[in-house]
Amino acid sequence: MAHQIIKNVSIAGITTCVPKNVEENTSLPLFKEGEAEKVILSTGIERRRIVNPGVTSGDLCCKAAEDLIQGLGWNNEEIDCLIFVSQTQDYILPATSCVIQGKLGLPNSCCCFDISYGGSGWVYGLSVISAMISTGIMKKGLLLVGDTTSTFKSAKDKTARPLFGDAGTATALVFNPNAEDIKFALYANGNKFDSIIVPDGGCRKPFSVSSLEETEYEDGVIRTPMHSAMNGMDVFSFGITKGPEVTKDVLEFAGKTVDDVDFFIFHQANKFMNEKIRKKLKIAEEKVPYSMKDFGNVSCATIPLTIDYRFKEVTELQGKEIVATAFGVGLSWGSTSFKLNDIKYLGMSEYE
């Protein structure tokens, strides 16, 4: 069943940590004269945050979690579960969630595991951790969602490098018998798994000397099998089809209309795609906030980052009806409908 109802769970806070380094698309040496401006016009992405060598998504999420715990005044010993969602884990093994649990000083009784997901990761992760907390046995949990996609994008690929940035986020969930239901619609199509893929480096095709060989696919597009490859037309068609479909799906399941929702937070793929989705759904511009201009597509972290970036105070979100829709690697897609009645903390920080 693609639908899910979660009771007794509230979002208490959201924080984001981004690298301090800013990469301007107009400064990229990949572009010929006038190309950067065309890319910016179509994607809406002017700049992105890029990690220094050796900085991981685990580092960014750990910092976001530290900020969130402090901002909420939580006692670390009270945190019952931690889920880390990313496709750029610190190691092949162990799980990055365990590494972060140790760094944060969380108790041994804290349940930890990783979920390997991209664009739809926050929605999927929220469904999992909410279900764990909803019974009341666990009372507090951290959903850490982030990627450093710049680490597997080719610096010589002008179709990918200008689009993707790095970020880590933390979302705090609490058991609350008075919370309004959270509704989900979740889908996947593994027949299209290779639409977005890093071909080499896994167990299917382990790293070898040939994994480092560069291939020029077209002018300005050079990458190795260790870099991410994307079928742009397939992914675009997927986004503008499944994005509206799953948003309508969750609205119907939640018994709501577009007019009932205060804000629609979409995965920040690119402005052209997202505007197609917004117009298909006949949503007013002021209901759809964006963050991609200054951060690009930060994979699974786009939804919480957009909330942090566009809503500076919790009072702007208190009592608001939200629908969050995301789609990406897998291929996978999902949408969630929830009300922020009990959010207490937002925040964004920078990582050196």
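The values are calculated or read from the model by the stated rules, or taken from the named source; none is laboratory data. Being a predicted model, the structure only gives us computed values, none of them experimental. A quick note on method: Cβ atoms are made from the backbone with ideal geometry, for glycine too, and the neighbour counts reach across all protein chains shown. Remember, those area values only see protein heavy atoms, side chains included, never the ligands or the DNA or RNA. Shrake-Rupley method; radii C 1.70, N 1.55, O 1.52, S 1.80 Å.
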Kindly provide the set of residues from segment 309-342 that are open to solvent by 10 Å² or more (accessible area, probe 1.4 Å), in contact with a strand residue (DSSP E or B) (Cβ under 6 Å, 6 or more places away or on another chain) and not aromatic (Phe, Trp, Tyr), ordered by number.
-> VAL314, LYS320, GLU321, VAL329, GLY330, LYS339, ASP342
Among the candidates THR306, THR302, single out the residue that is under 19 Å from the mean Cα position of the chain (by Cα), under 24 Å from ASP234 (Cα atoms), surrounded by 20 or more Cβ atoms within 10 Å (Cβ to Cβ) and among the hydroxyl-bearing types (Ser, Thr, Tyr).
-> THR302
How many of the residues in segment 295-316 are at pLDDT below 95 and either aliphatic (A, V, I, L, M) or within 17 Å of GLY119 (Cβ to Cβ) (or both)?
-> 1
Residues located in segment 278-296, provided they are open to solvent by 10 Å² or more (accessible area, probe 1.4 Å), outside any helix (DSSP H, G or I) and in contact (Cβ under 8 Å) with a residue 60 or more places away in the chain | TYR290
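Could you please let me know if PHE238 is farther than 30 Å from ILE92 by Cβ, touching a Ser or Thr at 6+ places or on another chain (Cβ under 8 Å) and at pLDDT below 95?
no
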Sort out which residues of segment 245-267 are assigned to a loop (DSSP other than H, G, I, E, B), of a type outside the set (Val, Ile, Thr) and either more than 23 Å from CYS300 (Cβ to Cβ) or open to solvent by 60 Å² or more (accessible area, probe 1.4 Å) (or both), and write them in order of number.
-> GLY255, LYS256, ASP262
Per the filter on segment 268-277, residues in a loop (DSSP other than H, G, I, E, B) and not polar (S, T, N, Q) are ALA269
Is there a residue in segment 111-128 that is over 20 Å from the mean Cα position of the chain (by Cα) and under 22 Å from PRO19 (Cα atoms)?
-> no
Look at segment 134-181 and say how many of its residues are under 18 Å from ILE100 (Cβ atoms) and hydrophobic (A, V, I, L, M, F, W, C).
-> 9
Do we find a residue being farther than 27 Å from ASN189 by Cβ, basic (Lys, Arg) and under 17 Å from the mean Cα position of the chain (by Cα) anywhere in segment 275-297?
-> yes
State all residues of segment 318-352 that are of a type in the set (A, V, I, L, M, F, W, C) and not in a loop (DSSP other than H, G, I, E, B); if no residue qualifies, say none.
-> ILE322, VAL323, ALA324, ALA326, PHE327, TRP333, PHE338, LEU340, LEU346, MET348
With criteria (1) surrounded by fewer than 21 Cβ atoms within 10 Å (Cβ to Cβ); (2) in a helix (DSSP H, G or I); (3) among the hydrophobic types (A, V, I, L, M, F, W, C), ILE129 comes up short on (1)
Filtered residue count, segment 9-46, keeping only those that are more than 18 Å from MET348 (Cβ to Cβ), surrounded by fewer than 17 Cβ atoms within 10 Å (Cβ to Cβ) and among the β-branched types (Val, Ile, Thr) | 1
Does at least one position in segment 306-317 carry a residue that is part of a helix (DSSP H, G or I), out of contact with any Ser or Thr (no Cβ under 8 Å at 6 or more places or on another chain) and touching a residue at least 24 places away in the same chain (Cβ under 8 Å)?
-> yes
Take segment 78-116 and flag every residue that is open to solvent by less than 10 Å² (accessible area, probe 1.4 Å), hydroxyl-bearing (Ser, Thr, Tyr) and over 25 Å from THR149 (Cβ atoms).
-> none
